Amino acid sequence: MVESLGKNGRKRTPNGPARSAVLDMRTTKNEVAIEIIDLNKWFGAFHVLRDIDLKVMRGERIVVCGPSGGGKSTLLRCINRIEDWQRGRVIVDGTELTEDLKTIDEVRGEVGMVFQQFNLFPHLTVLENCTLAPIWVRKMPKVEAEEIARHYLKRVRIPEQADKYPAQLSGGQQQRVAIARALCMQPKIMLFDEPTSALDPEMVKEVLDTMVGLALDGMTMVVVSHEMGFARQVANRMVLLDDGQIVEVNEPAAFFSHPQHERTKLFLSQIIR
Amino acid sequence: MAADAQSSYIRRAVVEPEPPPAAAPARTRARLFDGPFNTALTLLSIVIVVALAWPTVKFLFIDAVWTGSSRLDCLSETVGREVGACWPFIKAKFTQFMYGFYPASQQWRVDVTYALGAILLVPLLIPGVPWKGLNAILFFGAFPLLAFFLLVGGVFGLPHVETRVWGGLLVTLVISFTGIIFSLPLGILLALGRRSHLPIVRTASVIFIEFWRGVPLITVLFFATYMLPLFLPEDWRIDALARVLIGVVLFAGAYMAEVVRGGLQAIPRGQFEGAMALGLGYWRMMGLVILPQALRLVIPGIVNSFIALFKDTTLVLIVAIFDLLGQLRAAFADPTWATPVTLFTGFAFAGMIYFVVSFGMSRYALFMERRLSIERSH
């Protein structure tokens with residue numbers, strides 16, 4: 001069922017015709033999915049991101065952590081240009097994000113995002129939330145979009161909620177719908193902005209399980225999270241961001257057992273009880 | 001409760017859910033008369049209601065004259081008793097109130113327009129009737145065009161009817177309908193413009209909105225009717241009613257813009273971000289995600305504007321366009337029906353029409369609000 005999606009303007013297979021020359025150039029593994037070069041951003045006079053350099057390879061899972069106000073969310077939101085920046089470059093999947101709105105929307109179609117507050121559309125049913133972008137951005141026929149939506153709703157284990165409105169669901173269910181909604185665009189990269197921070201403790205696990213499933217499928221993921229158990233389980237690399245700077249980047253085992261930077265040691269000592 | 005003395009407790013038996021206790025007995029009656037103060041208030045209210053309602057009923061029905069052919073039938077000297085509403089006056093002038101001086105042989109065109117409008121509007125208003133999209137396109141797109149050709153004529157063998165002879169309820173409805181269906185889209189565009197990131201669009205929207213909100217409607221109508229022709233070239237003759245319509249639409253649009261803006265501001269940032277993250281461009285984000293929510297929030301404000309607009313149409317009287325109220329006042333001048341009660345009868349009649357339409361809009365809006373909030377209980 002989902003294999004048939006390839007026909008629909010979306011090229012999932014490496015041999016399939018790509019949508020643009022730019023996208024054509026990337027097809028092999030071991031390739032850069034996201035490249036952030038010397039990124040600097042100010043909120044007014046406040047220098048929120050400072051000289052950020054980060055490369056994320058295809059299939060890699062990065063977990064970004066750090067104290068609040070350190071710029072984690074802002075960094076994540078630059079990757080699909082929900083925030084703009086004053087200096088530096090962000091290249092996603094071979095396409096550099098510029099002022100050009102068309103490029104931005106194209107990249108956003110390739111990059112799924114899951115928010116702390118879910119940001120589901122309350123006036124639409126769960127199914128309509130999931131089919132909105134495929135129908136209007138991908139120009140997919142409604143029947144096919146619904147088929148895909150049901151597939152992903154099953155995947156996040158809430159197929160029976162398709163016709164409810166978001167407000168009728170629990171927080172954990174809403175967040176899983178949000179993940180399904182992002183997946184319906186069949187993104188190459190998924191961004192998670194503190195996906196479990198607004199959830200009741202009982203619901204954190206169901207969302208994390210869904211994310212682990214995604215990671216096991218080889219999705220490229222950048223996750224801002226303080227769920228250290230999750231980070232240990234799925235992350236390829238940990239990034240600690242503080243005061244708008246990358247303080248430490250390391251593999252999880254080393255990051256947790258032998259943090260190098262003083263700031264990392266302090267941070268870990270404060271969150272791991 | 002479980003652990004008064006013990007420090008630990010383990011539940012052994014499940015407490016089954018029970019139906020709630022019987023509702024408290026209706027306390028309304030008790031409250032109306034509990035204590036001397038409330039009793040006094042209740043009695044006072046009854047007195048006020050009776051004092052207002054009784055004369056009304058007496059005037060409109062009991063003392064009313066129902067048949068007759070001239071003022072003589074409505075004079076207390078001739079009838080020999082106190083006289084209430086003079087309904088024969090309304091009957092005699094009814095055509096004028098409805099159509100103004102629209103030629104009698106052509107009045108069927110107005111009726112056909114009303115019928116078409118009703119046929120398209122009623123299914124649009126009833127939830128659950130299918131083909132809402134097509135219905136909306138027909139009502140908001142095709143119907144105004146059709147109505148224009150039907151009413152104005154000059155095509156399809158229909159004789160041309162100048163807008164000068166239009167009048168009565170026809171003009172009232174034409175002005176308010178045009179105002180309503182054009183001011184909402186205009187208001188939405190202006191509201192979006194006012195929140196735009198493009199400085200020129202934003203400034204232009206702000207200037208437009210503030211200008212039209214800053215001038216009274218009477219000024220707008222005067223300007224459109226008497227001043228505008230002075231500025232325009234001789235051969236640029238725009239129909240007087242059309243000028244008024246444009247004035248009303250721009251005026252109402254500016255107010256609508258502020259109502260819609262209120263709704264837009266109430267939508268959390270996350271909704272914009274959620275839509276953007278999915279790759280929806282600006283117009284799709286607004287049209288599919290933001291506006292459907294924003295407009296629902298401001299239904300009361302929108303309907304408020306519609307009702308105000310409907311009643312404001314009476315101001316066209318001052319630029320010699322005779323809407324329902326205008327025809328009414330013209331009819332007062334007719335010596336055939338000059339009686340002490342003619343004025344009250346006429347205003348009572350017009351008041352009822354305005355009230356039915358405005359109250360209808362208001363109730364329908366309430367109904368829609370409730371429906372929409374049931375759909376997705378927040």
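The values are calculated or read from the model by the stated rules, or taken from the named source; none is laboratory data. Keep in mind it's a predicted model, so treat the numbers as computed, not measured. All Cβ positions, glycine included, derive from the backbone under ideal geometry; neighbour counts span all protein chains shown.
Quick notes on this one:
- In the set (1) touching a residue at least 60 places away in the same chain (Cβ under 8 Å); (2) closer than 22 Å to residue A:72 by Cα, residue A:212 fails one condition alone, (1).
- Residues located in the range A:66-81, provided they are closer than 24 Å to residue B:281 by Cβ, part of a loop (DSSP other than H, G, I, E, B) and in contact (Cβ under 8 Å) with a residue 40 or more places away in the chain: A:80
- Single unsatisfied condition, residue B:356 versus (1) surrounded by fewer than 18 Cβ atoms within 10 Å (Cβ to Cβ); (2) closer than 16 Å to residue B:100 by Cβ; (3) under 20 Å from the mean Cα position of the chain (by Cα): (2)
- Selection from the range B:144-156 of residues that are surrounded by 16 or more Cβ atoms within 10 Å (Cβ to Cβ) and over 21 Å from residue B:122 (Cβ atoms): B:152, B:153
- Matching option when the condition is more than 14 Å from chain B (Cβ to nearest Cβ) and surrounded by fewer than 17 Cβ atoms within 10 Å (Cβ to Cβ), among A:172, A:229: A:229
So that you can scan it fast, the table gives a plain yes or no per residue for (1) part of a helix (DSSP H, G or I); (2) among the aliphatic types (A, V, I, L, M); (3) over 20 Å from the mean Cα position of the chain (by Cα); (4) away from chain A (no Cβ under 14 Å):
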position	(1), (2), (3), (4)
B:237	no, no, yes, yes
B:244	yes, yes, no, yes
B:247	yes, no, no, yes
B:256	yes, yes, no, yes
B:260	yes, yes, no, yes
B:264	yes, yes, yes, yes
B:270	yes, no, yes, no
B:276	yes, yes, yes, no
B:280	no, yes, yes, no
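- Test for residue B:210: is it of a type in the set (Asp, Glu) and at pLDDT below 85: no
- Any chance residue A:148 is crowded, with 22+ Cβ neighbours inside 10 Å and more than 11 Å from every other protein chain (Cβ to nearest Cβ): yes
- Residue match in the range B:182-197 (condition: modelled with pLDDT under 90, out of contact with any Asp or Glu (no Cβ under 8 Å at 6 or more places or on another chain) and more than 25 Å from residue B:302 (Cβ to Cβ)): yes
- Where helices (runs of 4 or more DSSP H) fall wholly inside the range A:191-270, the ranges with 1 or more residues that are among the basic types (Lys, Arg) are A:201-216, A:228-234.
- Complete set of residues in the range B:134-143 that are surrounded by fewer than 15 Cβ atoms within 10 Å (Cβ to Cβ) and either modelled with pLDDT under 85 or in contact with a helix residue (DSSP H, G or I) (Cβ under 8 Å, 6 or more places away or on another chain) (or both): B:136
- The range A:184-200 residues that are under 16 Å from residue A:76 (Cα atoms), paired with ones that are of a type in the set (Phe, Trp, Tyr) and at pLDDT 90 or above (beta carbon under 7 Å, 6 or more apart): A:193/A:115
- Given (1) among the basic types (Lys, Arg); (2) within 10 Å of chain B (Cβ to nearest Cβ); (3) under 26 Å from residue A:194 (Cβ atoms), number of the condition residue A:155 does not satisfy: (2)
- Flag for residue B:226 being among the hydroxyl-bearing types (Ser, Thr, Tyr), within 14 Å of chain A (Cβ to nearest Cβ) and surrounded by fewer than 22 Cβ atoms within 10 Å (Cβ to Cβ): no
- Of the criteria (1) under 30 Å from residue B:61 (Cβ atoms); (2) within 25 Å of the chain's Cα centre (by Cα); (3) not hydroxyl-bearing (Ser, Thr, Tyr), which one residue B:337 fails: (2)
- Residue in the range A:125-136 that is in a loop (DSSP other than H, G, I, E, B) and facing chain B (nearest Cβ under 8 Å) present: no
- Residues of the range B:182-201 that are assigned to a helix (DSSP H, G or I) and either touching a Phe, Trp or Tyr at 6+ places or on another chain (Cβ under 6 Å) or polar (S, T, N, Q) (or both): B:183 alone.
- Residue list for the range A:30-50, filter: loosely packed, with under 14 Cβ neighbours inside 10 Å and either of a type in the set (Phe, Trp, Tyr) or on the phi > 0 side of the Ramachandran plot (or both): A:30, A:38, A:43, A:44, A:46
- Count of the range B:13-29 residues which are part of a loop (DSSP other than H, G, I, E, B) and modelled with pLDDT under 85: 8
- The set of residues in the range B:321-378 that are in a loop (DSSP other than H, G, I, E, B) and either closer than 30 Å to residue B:222 by Cβ or within 14 Å of chain A (Cβ to nearest Cβ) (or both) comprises B:321, B:322, B:333, B:334, B:376, B:377, B:378.
- The range B:306-321, residues that are out of contact with any Leu (no Cβ under 7 Å at 6 or more places or on another chain), modelled with pLDDT of 85 or more and either surrounded by fewer than 19 Cβ atoms within 10 Å (Cβ to Cβ) or under 19 Å from residue B:349 (Cα atoms) (or both): B:307, B:308, B:310, B:311, B:313
- For residue A:93, the requirement of being of a type in the set (Asp, Glu), buried (at least 22 other Cβ atoms within 10 Å of the Cβ) and within 14 Å of chain B (Cβ to nearest Cβ) is met.
- Within the range B:249-301, considering residues that are farther than 30 Å from residue B:221 by Cβ and in contact with an Asp or Glu (Cβ under 7 Å, 6 or more places away or on another chain), the one surrounded by the fewest Cβ atoms within 10 Å (Cβ to Cβ): B:281
- Total residues in the range B:282-314, condition more than 9 Å from chain A (Cβ to nearest Cβ), of a type in the set (S, T, N, Q) and more than 30 Å from residue B:328 (Cβ to Cβ): 0
- Matching residues, the range B:181-219, being surrounded by fewer than 18 Cβ atoms within 10 Å (Cβ to Cβ) and aromatic (Phe, Trp, Tyr): B:211
- Among the criteria (1) out of contact with any Leu (no Cβ under 8 Å at 6 or more places or on another chain); (2) farther than 23 Å from residue A:128 by Cα, the one residue B:368 does not fulfil is (2).
- Residue that is surrounded by the most Cβ atoms within 10 Å (Cβ to Cβ), among those in the range A:111-124 that are within 8 Å of chain B (Cβ to nearest Cβ) and not in a loop (DSSP other than H, G, I, E, B): A:112
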